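The values are calculated or read from the model by the stated rules, or taken from the named source; none is laboratory data. Here the structure is a predicted model, which means the values were calculated and not measured. Here the Cβ positions follow ideal geometry from the backbone for every residue, glycine too, while neighbour counts run over all protein chains shown. The protein model used for the area step is the full one, side chains on, heavy atoms only, and it has no ligands, DNA or RNA in it. Shrake-Rupley method; radii C 1.70, N 1.55, O 1.52, S 1.80 Å.
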Amino acid sequence: MLGEDQRYEEHILDPDRLEIYYSERGELVVNLDGKEYADPKIRCAFPLESSTRFIGFFLADGAELGLLEDIDELAEDSRSCLRAELDKIYFCPLILGVDHIDEEFGVVNADVETSSGPRHIEIRQIRKNIRLLSGHRALIEDADGNRYELRDWHHLPKLTREILGL
C-alpha cells in the first residue's frame, strides 16, 4: 500500500530499464538498472480482464520491485519471457464443450473439451468454485485447484446450466 509520502509514479517500472530473461538454471531473472533479481514473484492485477497490463514484480520476501504498466512496452526477448512465465502462473484453459455432466451428492463430474485437450473435472461446492464474470463468462475451479474459463455459458444446454448453477 502506498504511504502518504509515496506517489504512484515512483512504483512504475521503466520498460527501457528492465530486462527479463531465464538464467542458465532456468530461473526467471529480472534485471532492473543493472541489478539482477532471481526468481521474482510476478502477479497480474487483472489476469482475466487485462492479462498484459499492470504486472507487479516482488522479491521472495514480499518486497515490491515495482509495477510494469504494459507488457507490450518491453523489448521482444523480455516480453517473450514474461509472457511465458505469466502463462505458467495463470494457466487457465478454455472450456470449449461439455461432453458429459452429472451431479451426485453435491459433486459435479464433467467430461469437457478444453483448449488444452479433453479433461475430466470434478467440482465441489459449486457456489464457491464457479464464479460468474462479465460477458456471460464463468471461472470454474475443480477439486484439484485447476481453473478453467467458460465463455458464453448461456449457449450451454439448459440441464448443463442448471447443474452448474448458471
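Within the range 34-44, being open to solvent by less than 60 Å² (accessible area, probe 1.4 Å) and closer than 22 Å to residue 91 by Cα holds for 40, 42, 44. For the range 76-108, a residue qualifies if it is more than 23 Å from residue 145 (Cβ to Cβ) and touching a residue at least 60 places away in the same chain (Cβ under 8 Å), and the qualifying residues are 78, 81, 82. Summed over the range 12-33, residues that are exposed (fewer than 14 other Cβ atoms within 10 Å of the Cβ) and assigned to a strand (DSSP E or B) total 2. When each of 117, 66, 145 is tested for being without any contact (Cβ under 8 Å) to a residue 40 or more places away in the chain, open to solvent by less than 90 Å² (accessible area, probe 1.4 Å) and over 15 Å from the mean Cα position of the chain (by Cα), the lone residue that passes is 117. Within the range 100-124, the set of residues being closer than 27 Å to residue 49 by Cβ and at pLDDT below 90 is empty.
If you check 78, 134 for being closer than 29 Å to residue 41 by Cα and open to solvent by less than 50 Å² (accessible area, probe 1.4 Å), only one passes: 78. For the criterion of being surrounded by fewer than 14 Cβ atoms within 10 Å (Cβ to Cβ), under 19 Å from the mean Cα position of the chain (by Cα) and closer than 24 Å to residue 51 by Cα, residue 97 fails.
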